[in-house]
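The values are calculated or read from the model by the stated rules, or taken from the named source; none is laboratory data. Model, not experiment: these values are computed from the prediction. Using ideal geometry, Cβ is built from the backbone for each residue, glycine included, and neighbour counts are taken over all protein chains shown. For accessibility, only protein heavy atoms count, side chains too; no ligands or nucleic acids. Shrake-Rupley method; radii C 1.70, N 1.55, O 1.52, S 1.80 Å.
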Amino acid sequence: MALITQRDELLEAVKEMDRLGLVSGSSGNASVRIDAPGSPNAFLITPAGLPYPSMTSDQLVAVDNDLYPIDGDGVPSSESLLHLAIYTARPDVNAIMHTHSLHATALGVAGRPLPAIVDELVVYVGGAVQVAKYGFPGTEALAQAGVDALGDRRAVLIPHHGMFAVADTVSEALRVCALVERVAQVFINAEAIGGAKEVAEGSFKAERRMYLERSGLGH
Ligand SMILES: [Zn+2]
């Protein structure tokens, strides 16, 4: 896909992320994998410190495997290390979104993973969402901890911070962020009225695969 089209899609997704209230101010970020000669894990990412409503597509920054800016005007997001670590560990991932939504962040603050309590979480995320080990924002330690806790799933909670979602496209990553936030709210409410019960995850792996194949979402 042409870089100019990827710029438009990424910009549209982060503006929607902002409208949905999944971040506040200039927090959060998102990226998409791009084609760059000699850099298999190059990506286009939102700039650091700029508000989303007035963000323009030329402020999105393309970086190579060494996080060296190769196209665009802005300064790459301070969480670029974690994005790079995910693209390197997960060749199946083509888009990443990071949000600070309230209920997902609350779970990370409490150190509580989000169990597989609704079918949608099993289908779209692959099961429970784990909490990564703590690492200070922007560090190598956080990048490694995030990748480890993500495993082969589509979301991970970052303690005392927020969450990351991964997908094939940035609009899918946005859907995963919104889903995890909603299920986190359901979980907290269910815990308050007597306790949330988990879906028996292992019992319908085959059904999940069939569902994803039917809906064209892959694995
Ligand atoms: Zn953040």
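The table below gives the values:
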read-out	value
Scope segment 134-159; condition closer than 20 Å to S80 by Cβ and surrounded by fewer than 18 Cβ atoms within 10 Å (Cβ to Cβ); matching residues	Y134, F136, P137, G138, T139, E140, A141, Q144, D148
From V123, V180, residue being open to solvent by less than 50 Å² (accessible area, probe 1.4 Å), within 16 Å of the ligand (Cβ to nearest atom) and within 30 Å of I34 (Cα to Cα)	V180
Segment 149-170: number of residues that are of a type in the set (D, E, K, R) and in contact with a helix residue (DSSP H, G or I) (Cβ under 9 Å, 6 or more places away or on another chain)	2
So G195, is it crowded, with 22+ Cβ neighbours inside 10 Å and either touching a helix residue (DSSP H, G or I) at 6+ places or on another chain (Cβ under 9 Å) or assigned to a loop (DSSP other than H, G, I, E, B) (or both)	no
Residue match in segment 17-25 (condition: surrounded by 20 or more Cβ atoms within 10 Å (Cβ to Cβ), more than 16 Å from the chain's Cα centre (by Cα) and not acidic (D, E))	no
So A62, is it closer than 28 Å to I188 by Cβ and more than 16 Å from the ligand (Cβ to nearest atom)	no
Any hit, segment 101-109, residues being within 16 Å of the ligand (Cβ to nearest atom), open to solvent by 60 Å² or more (accessible area, probe 1.4 Å) and touching a His at 6+ places or on another chain (Cβ under 9 Å)	yes
Search result, residues across segment 1-34 that are assigned to a loop (DSSP other than H, G, I, E, B) and either under 24 Å from T88 (Cα atoms) or modelled with pLDDT of 95 or more (or both)	M1, A2, L20, G21, L22, V23, S27, G28, I34
